[in-house]
Amino acid sequence: METDKDIKCKPRGFHCTLCNVHIPNMPSLDQHLKGKRHNMISSARSTRKTQGECSVYVSGIKPEISQTDIAAYFEQFGPLSDIIMDKDNGFFAIVQFSEANSVEATLSCVEHQLKGLKLRVKPREKKDFKLTPDKKTNDPQHIFDRLKPNLCQQASVDAQMQHVVQQFQLGENEKKARGLVVQLLQEVFIEFFPDSQILPFGSSVNTFGIHNCDLDLLLDIENTKVFQARAKSTTEQAGEGMSDDGHSEDSILSDIDLSSASAAEVLDLVAAILKRCVPSVYKVHVVRSARLPVVKFHHRKLNLQGDISVNNRLAVRNTCFLQLCTGTEDRLRPLMYTIRYWAKQKWLAGNPGGAGPRLNNYALTLLVIFYLQNCEPAVLPTVDQLKDMACEEEECMIEGWNCTFPSQPIAVPPSKNTQDLCSLLAGFFSFYAKFDFASSIISVREGRALPITDFLSQNKEEEVMQEEQPPKTQHHSPKLGPLNLLDPFELTHNVAGNLNQRSQRNFQRECQEADKYCHCLQYQHKSTKGKPWGLVRLFTPHGNVPHSKTHQPTISIPFNSVSLPEELRSQLHMAGDGFQLLWFQKVCSAVEEVFQTVLKCHLTRTDSVHGEDSAVVGAAEEMETSTASLNTSINSCDSTESSVSTSMAGVKRSLSSDSDPSVSPQGKKLRLGKRGRPELPPWTCVLKHIVWLGRRKVRWELNKDTETRPEGSCLQVESQVTAHIIEKEPELKEALEFKIQPQVVGGTESTKAVLKFEPTSDKTGVFQDFFHFLEAFLPKMVETLLEIQTGSA
Ligand code: ATP
Ligand code: MG
């Protein structure tokens, strides 16, 4: 039975297609049809229908024609109720009349001419009414599926990149709507916080915004603080009650002392005002855990997510800096939109929900700018250079940081770089594919990579000096991580400090993949057979392109400066360029210790130069590769392949022989491996017991029993666990034998020690299990040992 055209009978009840709800029975259906929601949606549909019947679709408009011109022309056919112009997507307009017969009058006119242009006028297309925006339009797969054919049709990669901008950028109407929200909030907040200002920043206004991007806002209450202080002193003079401005003492400012209130306290008030006084705003909540606390809200009518912060004037200033960059360089926007979309597709940027280990869009933007500063010749100037281009009136200091740069792009000389977008994009991937993240701190301020060693020894003296400075200018050293990217103004803030090792590695690996692809014909040449080419393959989401995997079991121990003990950091700092080798030496020493002392393996080192094996422990034989032959081979290797190998030669000069990092812990010299990577001769390892099984249980038992409870370091505990297992468990029928080849990788990739495993005798088939255990156990133990060894050195 069908009671209404929107109601469909279902085997178990009804379905309202208008409201998209299931209704279980007849009484509930009755209630639903009489309900507020159904009637509201129903009336919205009829309004939309009437609007459609009263509108015409106009195309053939040129940019010089304004909305006023259109209005003036179409008014001759009847009174107008609205005009919607979309210059971004093909120069069309929808002209809405107050009455349907004006449409007839318009369509009966054979030719429409405006300012010499022939306009095409059609009845407005009738679309089915939908309650909510089509979910598909926000679905990444759907967006990509729609983008693909359009990209394939373009004539060049440059045209594809311009198309990406057209597709994603904020339209004029979207910008206008955001402007209205800002205006509305300004009007409300000024009532509660006199002299305050609401200032937009971030993607809504930085020229890189996309549909649905959030609306970042600053509530600037600096002037309100002055106002409050003044009002307070006047009140004190005049006695209790009323200030001279007529603001009653029970205004919101009497609840809070802005000069001493924390950001979170101010934001609680902001949240209360948003909830009570701003129409169409809902889902208001304060996020205190963020580095800069914010109030989040949602604007229902515009379906917009907003964030309000206080004390964040640097963000407004760095947004102006991004606007300046766009103003001085036309190629920046297509490059940025393309890279932002690529990073989104590959899950490299954007943290759903705010916090997370991926790059945020601001950090990604700075990476693009840094690359452009490093092009040859440079596409963008450094921030220091920009500072020198500014005039006196443009000087700007915020929280003790120099934020000076010209206010107008005209003050910045045009770049001499003439590369097209296609080659700049390929250059970006190639730049970061090879970038040595482990040993560099990216400085957009100076436009160069600063050596990490300068930051490893942020010593006490500096801290003491800073403590003596007034609190406003007290600056701490940046939080170091796997990717270090300094804010251009707040120079001690690592904007990529949230990244973990994995997200940094993913970013670099994707750059390497993209770099490889950009060298293929498919990147630059349009397919004549309609196959994906150019950006399409770059944008192919994760999972569709499998990554090549090496089958050799490998354990990597990344150089992670943050987890190193202070003393080792100082030693590495002293080693200058040779810090990677010194670190590698320490890691190898720790690896040997884990296998020998902790896991009780029999370890020997194969010296392939001499072609013989010798026991590592107590090995007195001379096993060094001659220094001369090592240095010759190092110097003759490709210098671009490995900065580590270059530094090996340099280290010899700068360090005394007993701290020569090119000498292994057992006096072995580093040599160059197949790909020019410094390595030590491989170890051969023999293991007779299943020492990896049941460790947790043994550890627990040892801990429980006071007599056997192991004392001392984690190393001793783990050694006792192994000893216990060896004592209790029978030997393997056939010992497991395997080789480990240690190498240090750096220069073209982030610094890490790579241990390649190769089982040479595994008759009982236990290698896989053992390796699986080592993957987690070894890096953890090495980290602990690095601490102990450094402490006792
Ligand atoms: P989108 O909102 O589309 O992800 P966005 O350009 O607005 O992109 P956000 O990451 O939201 O970028 O950052 C908004 C603004 O907040 C930036 O322009 C910057 O001023 C400031 N900001 C964001 N992250 C940081 C950070 N890690 N350090 C310093 N300022 C930041
Ligand atoms: Mg934002």
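Take segment 346-358 and flag every residue that is touching a Leu at 6+ places or on another chain (Cβ under 8 Å) and more than 9 Å from ligand 1 (Cβ to nearest atom).
Within segment 346-358, Leu348, Pro357, Arg358 qualify.
Matching residues to (1) in contact with a strand residue (DSSP E or B) (Cβ under 8 Å, 6 or more places away or on another chain); (2) in a helix (DSSP H, G or I); (3) modelled with pLDDT of 80 or more:
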position: Gln51; (1), (2), (3): yes, yes, yes
position: Tyr57; (1), (2), (3): yes, no, yes
position: Pro63; (1), (2), (3): no, no, no
position: Thr68; (1), (2), (3): no, yes, yes
position: Tyr73; (1), (2), (3): yes, yes, yes
position: Asp88; (1), (2), (3): yes, no, no
position: Val103; (1), (2), (3): yes, yes, yes
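Looking at segment 300-324 only, could you name the residues that are under 29 Å from Leu386 (Cα atoms), open to solvent by 40 Å² or more (accessible area, probe 1.4 Å) and more than 12 Å from ligand 1 (Cβ to nearest atom)?
Listed by number, the list holds a single entry, Asn311.
What's the total number of residues in segment 554-609 that are assigned to a helix (DSSP H, G or I) and either polar (S, T, N, Q) or open to solvent by less than 30 Å² (accessible area, probe 1.4 Å) (or both)?
Narrowing segment 554-609 to residues assigned to a helix (DSSP H, G or I): 561-563, 566-574, 576-598.
Pick out the ones that are also either polar (S, T, N, Q) or open to solvent by less than 30 Å² (accessible area, probe 1.4 Å) (or both) and you get 561, 563, 568, 570-572, 576, 578-585, 587-592, 594-598.
Qualifying residue count, segment 554-609: 26.
When you look at Val121, is it modelled with pLDDT of 90 or more and in contact with a Pro (Cβ under 8 Å, 6 or more places away or on another chain), yes or no?
Numbers: modelled with pLDDT of 90 or more: yes; in contact with a Pro (Cβ under 8 Å, 6 or more places away or on another chain): no.
Against the criterion (modelled with pLDDT of 90 or more and in contact with a Pro (Cβ under 8 Å, 6 or more places away or on another chain)), Val121 does not qualify.
Checking the conditions here, which among Asp388, Asp384 is away from ligand 2 (no atom under 16 Å from the Cβ), out of contact with any strand residue (DSSP E or B) (no Cβ under 8 Å at 6 or more places or on another chain), under 27 Å from Asn498 (Cβ atoms) and acidic (Asp, Glu)?
Working: Asp388 fails: under 27 Å from Asn498 (Cβ atoms).
Testing whether each residue is away from ligand 2 (no atom under 16 Å from the Cβ), out of contact with any strand residue (DSSP E or B) (no Cβ under 8 Å at 6 or more places or on another chain), under 27 Å from Asn498 (Cβ atoms) and acidic (Asp, Glu) leaves just Asp384.
When you go through (1) open to solvent by less than 20 Å² (accessible area, probe 1.4 Å); (2) within 30 Å of Ile410 (Cα to Cα); (3) away from ligand 1 (no atom under 13 Å from the Cβ) one by one for Gly327, which number turns out not to apply?
Unmet condition: (1).
Exactly one of these conditions fails for Asn206: (1) more than 16 Å from ligand 1 (Cβ to nearest atom); (2) closer than 17 Å to Arg313 by Cβ; (3) polar (S, T, N, Q). Give me its number.
(1)
Which of the residues spanning segment 211-227 are near ligand 1 (Cβ under 10 Å from one of its atoms), open to solvent by 10 Å² or more (accessible area, probe 1.4 Å) and either more than 30 Å from Asp139 (Cβ to Cβ) or in a strand (DSSP E or B) (or both)? Reasoning before the result, please.
Of the residues in segment 211-227, the ones near ligand 1 (Cβ under 10 Å from one of its atoms) are 212-216, 218.
Filter once more, keeping what is open to solvent by 10 Å² or more (accessible area, probe 1.4 Å): 212-214, 216.
Within segment 211-227, Asp216 is the sole residue that qualifies.
Being modelled with pLDDT under 95 and within 16 Å of ligand 2 (Cβ to nearest atom), is that true of even one residue in segment 365-372? Give the steps one after another, and end with the answer.
Initial filter on segment 365-372 (modelled with pLDDT under 95): none.
Within segment 365-372, none of the residues are modelled with pLDDT under 95 and within 16 Å of ligand 2 (Cβ to nearest atom).
Hey, among the residues in segment 334-364 that are of a type in the set (Phe, Trp, Tyr) and more than 13 Å from ligand 2 (Cβ to nearest atom), which one's nearest to Ser289 (Cα to Cα)? Give the derivation first.
Of segment 334-364, the ones of a type in the set (Phe, Trp, Tyr) are 337, 341-342, 347, 362.
Cutting the leftovers down to more than 13 Å from ligand 2 (Cβ to nearest atom) gives us 337, 341-342, 347.
On the way: Tyr337: 30, Tyr341: 28, Trp342: 29, Trp347: 24 Å.
Among them, the one singled out is Trp347.
Collect the residues in segment 19-34 that are in a helix (DSSP H, G or I) and either open to solvent by less than 70 Å² (accessible area, probe 1.4 Å) or among the hydrophobic types (A, V, I, L, M, F, W, C) (or both), keeping them in residue-number order. Spell out how you get there, then give the answer.
Step one: list which residues in segment 19-34 are in a helix (DSSP H, G or I), which gives 26-34.
Correct list: Met26, Ser28, Leu29, His32, Leu33.
If a residue must be assigned to a loop (DSSP other than H, G, I, E, B) and either open to solvent by less than 20 Å² (accessible area, probe 1.4 Å) or in contact with a helix residue (DSSP H, G or I) (Cβ under 8 Å, 6 or more places away or on another chain) (or both), how many such residues does segment 395-412 contain?
Going residue by residue through segment 395-412, those that are assigned to a loop (DSSP other than H, G, I, E, B) are 395-396, 399-400, 403-408, 412.
Okay, now just the ones that are also either open to solvent by less than 20 Å² (accessible area, probe 1.4 Å) or in contact with a helix residue (DSSP H, G or I) (Cβ under 8 Å, 6 or more places away or on another chain) (or both), so 396, 399-400, 403-408, 412.
Final tally of qualifying residues: 10.
Taking only segment 174-211 into account, find how many residues are within 11 Å of ligand 2 (Cβ to nearest atom) and not hydrophobic (A, V, I, L, M, F, W, C).
Just the residues of segment 174-211 that are within 11 Å of ligand 2 (Cβ to nearest atom), to begin with: 200-206, 208-210.
Retained after the next criterion (residues that are not hydrophobic (A, V, I, L, M, F, W, C)): 200, 202-204, 206, 209.
Selection size over segment 174-211: 6.
Give the residue, chosen from Cys16, Cys9, that is touching an Asp or Glu at 6+ places or on another chain (Cβ under 7 Å) and exposed (fewer than 13 other Cβ atoms within 10 Å of the Cβ). Working first, answer last.
Numbers: Cys16 fails: exposed (fewer than 13 other Cβ atoms within 10 Å of the Cβ).
After applying the criteria, what remains is Cys9.
Residue pairs, Cβ under 6 Å, 6 or more apart or interchain, first in segment 155-172 and closer than 10 Å to Pro334 by Cβ, second basic (Lys, Arg) and open to solvent by 30 Å² or more (accessible area, probe 1.4 Å). List them.
Val165/Arg333
Return the residues of segment 152-162 that are crowded, with 17+ Cβ neighbours inside 10 Å and modelled with pLDDT under 95; say none if nothing qualifies.
Hits for segment 152-162 are Cys152, Gln154.
Restricting to segment 35-66, name every residue that is in contact with a Cys (Cβ under 7 Å, 6 or more places away or on another chain) and open to solvent by less than 20 Å² (accessible area, probe 1.4 Å).
First, pick out the residues of segment 35-66 that are in contact with a Cys (Cβ under 7 Å, 6 or more places away or on another chain): 37-38, 41.
Once the filter is applied, which keeps residues that are in contact with a Cys (Cβ under 7 Å, 6 or more places away or on another chain) and open to solvent by less than 20 Å² (accessible area, probe 1.4 Å), segment 35-66 yields His38, Ile41.
Which helices (runs of 4 or more DSSP H) does segment 435-553 wholly contain that include 3 or more residues that are modelled with pLDDT of 95 or more and open to solvent by less than 50 Å² (accessible area, probe 1.4 Å)? Even if it seems obvious, please write down each step before you answer.
Details: elements: 453-456, 460-467, 501-518, 521-524, 535-538.
Fully inside segment 435-553 and qualifying: 501-518, 535-538.
The values are calculated or read from the model by the stated rules, or taken from the named source; none is laboratory data. Everything numeric in this text was worked out from a predicted model, so none of it was measured. Note that we place each Cβ from the backbone using ideal geometry, even for glycine, and neighbour counts take in every protein chain shown. Accessible surface is based on the protein model in full, side chains and every heavy atom, while ligands, DNA and RNA are left aside. Shrake-Rupley method; radii C 1.70, N 1.55, O 1.52, S 1.80 Å.
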